[in-house]
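Student: Structure below; questions to follow.
None of the figures in this text is laboratory data; all of them are computed from the coordinates on show. Here the structure is a predicted model, which means the values were calculated and not measured. For neighbour counting, all protein chains shown are included, and Cβ atoms are generated from backbone atoms with ideal geometry for every residue, glycine included.
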Amino acid sequence: MPKKFHLGWFTNFTPGDWNHPFAAGLPPWDGKFYVDFAQALERACFDYIMLEDTLMVSEAYGGTAEAALKHAILVPKHDPCPLAALIAAGTSRLGVVATMSTMAYPPFLLARLSATLDHIANGRFGWNIVTSGEDAAAQNFGMEKLPPRELRYEMADEYVDLVCRLFESWDADAVVQDRARGYYADHAKVRAIDFEGKYFKCRGPLNTVRSPQGRPAFVQAGGSPRGREFAARTADSIIATANGIEGMKGYRDDVRRRAAAAGRNPDDIKVLFLVYPMLGETREEALAKYDRMVSSPLFIEAALASVSTVTDIDFSQFDLDKPLPKLTTNGEQGSLDKFAQWGSGKTLRQLAMERFSAGVDLIGTPDEVADRMGELMEAVGGDGFLISTPFQRVSRRVIAEITEGLIPALQRRGLTRTHYAETTLRKTLTEF
Ligand SMILES: Cc1cc2nc3c(=O)[nH]c(=O)nc-3n(C[C@H](O)[C@H](O)[C@H](O)COP(=O)(O)O)c2cc1C
């Protein structure tokens, strides 16, 4: 039997594929579409749905919000936490991961919110730990600029330490519900943490019952060496972008090395690689769909605006028919590196057209794509894929193509699970 791999789906609380001919009438803001979506993922036995989040209206592309709002790129975007609660209530096995930034939430509130969500989800909640990557987001929280990456991660280290202590501030058996003695909780099992760090101070204890998983599952997406180090030390699952087999293998080997050096079992971290399968009834049909997407008049602008949004670099300033100059960012360095394919000599137009390719060919029939995903995983060594769609645009149609076409093809090959063996997200992630 081949080795099984894990599956997540990367999405966000946005208007979906709002102008697609087969997605009319999508009313996203009551969250019901996303509950249906999550139920489809649960039928397909995904490990988790991952709700991305950012906290600004980007003006990075061309110095205006026009492109971001026109294409609905990462905005409008609603809060993932209430949506996570709704999804949790409408599912019973699927993990539900929401993104919250260490820049934005006071640690106490974040610990309390995630413990509450882990209860609502009966132990299936995950926190995607991000430090934010945009000056515009920092400006919504009283800062002039985003702190430099090193400082953000130094603060995040302390932040995670603090929230973990808050999660531990209630013993697992603190709730006694002793009717005879009239005790709901035993005060000797709930303790202050008296945390005083360089950046944060918090007395504790949490005023929330210990969460079913002890602490929620931790998801992270470090791309820079510092970010990878943070992820290797803290994450139960890492979501990663990388180009091609070599890029994926190199990334996974690196975080596994770092995890082992930090005293962790590397197998406790599941690295899921972001991919964008494009399916059709024949390979020709899938290729035609892909070509139609990348050659549509607005695609290049939307692709560049989407990279501008997460890197704070204005890609409208560069010549489309020349290679990019070498760039760095205080934002998402990993996403920039993946997009730019440094040293490839490709023009900006080519790079934009390959924005959603991941350097691997996942275009074809469900059976063809399933075969390629199996080969790819074997070459990379594990652990799974984070499926998404270009610009995270979803419709019921594309969800069905994946969950009722591709996933059954993977299951027939023994590559992904056909039923859940566990009930909490961390255990689901470590089931194999
Ligand atoms: C698949 C994936 C999903 C991400 N989701 C978010 C997100 O929801 N919100 C956010 O602020 N950053 C998100 N990021 C950015 C990461 O948190 C991180 O900043 C980025 O990968 C760059 O790594 P670095 O921080 O080490 O430079 C995501 C990155 C990847 C690869």
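Student: So the label point goes 7 Å from the Cα of residue 253 along Cα→C-beta, right? Which residues of the range 376-409 then have their backbone N under 14 Å from it?
Tutor: 379-382
Student: Right, another one. Under the classification rounded if a/c is under 1.5, otherwise prolate if a/b is larger than b/c and oblate if not, where does the chain fall, given a ≥ b ≥ c as square roots of the Cα gyration tensor eigenvalues?
Tutor: prolate
Student: Taking a cut-off of 21 Å between Cα atoms, list the lysines near residue 3, but don't count ones fewer than 8 places away on the same chain.
Tutor: By straight Cα distance, residue 3 reaches 249, 270, 427.
Student: Let me ask you something else. Using a cut-off of 12 Å between beta-carbons, work out the net charge of the residues near residue 262 (Lys and Arg +1, Asp and Glu -1, residue 262 not included). Don't skip to the answer; put the middle values down first.
Tutor: Values: positive: 228, 233, 256, 257, 258, 264; negative: 157, 229, 268.
Net local charge, residue 262 excluded: +3.
Student: Modelling each spin label as a point 7 Å along the Cα-to-Cβ direction, I'd like the residue 187/residue 295 distance in nm, to one decimal.
Tutor: In this crude spin-label approximation the distance works out to 7.5 nm.
Student: So, with +1 on the Cβ of K and R and -1 on the Cβ of D and E, and no other charges, what is the size of the charge dipole of the chain about its Cα centre, to the nearest 20 debye? Could you put the intermediate results ahead of the total?
Tutor: On the way: 50 positive and 56 negative charges, 174 e Å.
Around 840 debye, computed over the chain.
Student: Give, in nm to one decimal, the length gained when the segment between residue 19 and residue 199 is fully stretched (0.36 nm per residue of separation minus the Cα-Cα distance).
Tutor: On the way: separation 180, 0.36 × 180 = 64.80 nm, distance 4.49 nm.
Additional length available on full extension: 60.3 nm.
Student: Same structure again: Straight distance only, please: which lysines reach the Cα of residue 322 with their own Cα at less than 19 Å, same-chain residues fewer than 8 apart left out?
Tutor: Answer for residue 322, where 19 Å is the Cα cut-off: 338, 346, listed by chain and number.
Student: Once R0 is set to 51 Å, what does the formula 1/(1 + (r/R0)^6) return for the Cβ-Cβ distance between residue 92 and residue 350, expressed as a FRET efficiency to the nearest 0.05? Each step should come with its number before you reach the end.
Tutor: Numbers: r = 45 Å, r/R0 = 0.88.
The calculated FRET efficiency here is 0.70.
Student: Just want the ordering: 96, 175, 307, 398, from fewest to most Cβ atoms lying within 10 Å of their own Cβ. Don't jump to the answer; show the numbers that get you there.
Tutor: Details: 96 29, 175 16, 307 24, 398 20.
Listed from fewest to most nearby Cβ atoms, that is 175, 398, 307, 96.
Student: Treat each spin label as a single point 7 Å out from the Cα along the C-beta direction, and report the residue 319 to residue 422 distance in nm.
Tutor: In this crude spin-label approximation the distance works out to 5.3 nm.
Student: Can you tell me how the range 94-195 classifies by the Cα gyration tensor, rounded, prolate or oblate, using a/c under 1.5 as the rounded cut?
Tutor: Values: a/c = 3.13, a/b = 2.09, b/c = 1.50.
Since a/c reaches 1.5 and a/b is larger than b/c, the shape of the range 94-195 is classed as prolate.
Student: Would you list, by chain and number, the aspartates and glutamates whose Cα falls below 16 Å from the Cα of residue 189, excluding same-chain residues fewer than 8 positions away?
Tutor: Straight-distance partners of residue 189: 168, 171, 173, 178.
Student: Based on the mean of other beta carbon atoms within 10 Å per residue, what is the order of 368-381, 112-125, most packed first?
Tutor: Values: 368-381: 19.1, 112-125: 22.8.
So the peptides 368-381, 112-125, ranked by packing, come out 112-125, 368-381.
Student: By the gyration tensor of its Cα atoms, with a ≥ b ≥ c the square roots of the eigenvalues, what is the shape of the range 38-124: rounded for a/c under 1.5, prolate for a/b over b/c, or oblate?
Tutor: Working: a/c = 3.33, a/b = 1.56, b/c = 2.14.
Oblate.
Student: Which whole-angstrom value gives the distance between the alpha carbon centres of the range 190-250 and the range 66-138?
Tutor: 14 Å
Student: Let me ask you something else. Among 429, 247, 44, which residue has its Cα furthest toward the positive end of the charge dipole of the chain, with +1 on Lys/Arg Cβ and -1 on Asp/Glu Cβ?
Tutor: 429
Student: Only counting other Cβ atoms within 10 Å, I'd like 105, 290, 34, 184 sorted with the fewest neighbours first.
Tutor: Going from least to most buried by this count: 184, 105, 290, 34.
Student: Which whole-number percent gives the relative contact order of the range 1-138, counting Cα pairs below 8 Å spaced six or more residues apart? Intermediate results must be reported in sequence, preceding the final value.
Tutor: Values: 205 pairs, mean separation 35.1, N = 138.
The value is 25 percent.
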